[in-house]
Amino acid sequence: GQQLNQSPQSMFIQEGEDVSMNCTSSSIFNTWLWYKQDPGEGPVLLIALYKAGELTSNGRLTAQFGITRKDSFLNISASIPSDVGIYFCAGLGAGGTSYGKLTFGQGTILTVHP
Amino acid sequence: EAQVTQNPRYLITVTGKKLTVTCSQNMNHEYMSWYRQDPGLGLRQIYYSMNVEVTDKGDVPEGYKVSRKEKRNFPLILESPSPNQTSLYFCASGWTGGTEAFFGQGTRLTVV
């Protein structure tokens, strides 16, 4: 099946620092999604991107849908302790047998030191 | 309150004993799906459904069955569970096109 490579796998940062993570794929996607998962909880949708080149913000979070439709990045500015968690990218299949299939990256574990 | 409800939250069972994990959403979403989450592998889609009576295989469908007889419910069935199906399972729902805004709380399944 389709695969997403998400990096980095983990990050240890100081409170107040900016964070950047990205996902790349060998396949094109129609939609890119970014989720955050807290311990013991299901993932929560942070940002959805629907068009190549689209840049979308949600508070301190900014995400972009790559022009090639094969990549996306997420930036978190001025990190705070509650940003701790696992961040996942996900791509929605572009068509054919992939239409409707959602593929997740392996996740980025974020730790924020006060 | 808008939510996706999974039951049970925790389940320990024995190899070969059929089980069903239920999933229900109250948002009239057309799209529903099931995932399993394993350390280092992220979330992998098992099955998804674009609408009632329409289901498709995800990336890891082997050993699982689903049905979508009603819009709100999407149960996951393990006919003959095996230890390699020990995992954390999530149900999710969203609007047409697969943008999944809502995940359930998860079901931790252990097969011994």
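The values are calculated or read from the model by the stated rules, or taken from the named source; none is laboratory data. In this text, all values refer to a predicted model and were calculated from it rather than measured experimentally. Here Cβ is always computed from backbone atoms with ideal geometry, including for glycine, and neighbour counts include all displayed protein chains. Surface areas here come from the heavy atoms of the whole protein model, side chains and all, with no ligands, DNA or RNA. Shrake-Rupley method; radii C 1.70, N 1.55, O 1.52, S 1.80 Å.
Going by the structure shown, is B:ASN7 over 15 Å from the mean Cα position of the chain (by Cα) and more than 10 Å from chain A (Cβ to nearest Cβ)? In short, no.
Filter the stretch A:19-35 down to the residues that are within 13 Å of the chain's Cα centre (by Cα) and crowded, with 22+ Cβ neighbours inside 10 Å and list them by number.
A:MET21, A:CYS23, A:SER25, A:TRP32, A:LEU33, A:TRP34, A:TYR35
Working carefully through the options B:PRO39, B:PRO61, find the one that is within 14 Å of another protein chain (Cβ to nearest Cβ) and free of Cβ contacts under 8 Å to residues at least 12 places away in the same chain. First the steps, then the outcome.
Values: B:PRO61 fails: free of Cβ contacts under 8 Å to residues at least 12 places away in the same chain.
Exactly one residue qualifies, and that residue is B:PRO39.
Among the residues in the stretch B:42-53, are any assigned to a strand (DSSP E or B), on the phi < 0 side of the Ramachandran plot, at pLDDT 95 or above and open to solvent by 60 Å² or more (accessible area, probe 1.4 Å)? Within the stretch B:42-53, none of the residues are assigned to a strand (DSSP E or B), on the phi < 0 side of the Ramachandran plot, at pLDDT 95 or above and open to solvent by 60 Å² or more (accessible area, probe 1.4 Å).
Of all residues in the stretch A:86-114, count the ones that are closer than 16 Å to A:GLU17 by Cβ and at pLDDT 95 or above.
Filtering the stretch A:86-114 for residues closer than 16 Å to A:GLU17 by Cβ gives A:87, A:108-114.
If we keep only those that are at pLDDT 95 or above too, we end up with A:87, A:108-112.
The number of residues fulfilling the criteria is 6.
Taken over the stretch A:42-66, the criterion of being among the hydrophobic types (A, V, I, L, M, F, W, C) and either within 20 Å of A:ASN5 (Cβ to Cβ) or open to solvent by less than 80 Å² (accessible area, probe 1.4 Å) (or both) is satisfied by A:LEU45, A:LEU46, A:ILE47, A:ALA48, A:LEU49, A:ALA52, A:LEU61, A:ALA63, A:PHE65.
Residue by residue, here is whether (1) aliphatic (A, V, I, L, M); (2) more than 13 Å from B:VAL4 (Cβ to Cβ); (3) out of contact with any Leu (no Cβ under 7 Å at 6 or more places or on another chain); (4) modelled with pLDDT under 95 holds:
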site	(1), (2), (3), (4)
B:PHE74	no, no, yes, no
B:ILE77	yes, yes, yes, no
B:PRO83	no, yes, yes, no
B:THR86	no, yes, no, no
B:TYR89	no, no, no, no
B:GLY98	no, yes, no, yes
B:PHE102	no, no, yes, yes
B:GLY106	no, no, no, no
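Take the stretch B:66-91 and flag every residue that is surrounded by fewer than 17 Cβ atoms within 10 Å (Cβ to Cβ) and of a type outside the set (D, E, K, R). Matches in the stretch B:66-91: B:SER67, B:ASN73, B:ILE77, B:SER80, B:SER82, B:PRO83, B:ASN84, B:THR86, B:LEU88.
Scanning the stretch B:22-41 for residues that are among the hydrophobic types (A, V, I, L, M, F, W, C), open to solvent by 40 Å² or more (accessible area, probe 1.4 Å) and not in a loop (DSSP other than H, G, I, E, B) yields no hits at all.
Counting only residues that are open to solvent by less than 10 Å² (accessible area, probe 1.4 Å) and either in a loop (DSSP other than H, G, I, E, B) or free of Cβ contacts under 8 Å to residues at least 60 places away in the same chain (or both), how many does the stretch A:67-93 have? Residues flagged as open to solvent by less than 10 Å² (accessible area, probe 1.4 Å) and either in a loop (DSSP other than H, G, I, E, B) or free of Cβ contacts under 8 Å to residues at least 60 places away in the same chain (or both) within the stretch A:67-93 amount to 5. With a requirement of 1 or more residues that are among the aromatic types (Phe, Trp, Tyr), the strands (runs of 3 or more DSSP E) lying completely within the stretch A:1-66 that satisfy it span A:10-14, A:29-37, A:61-65.
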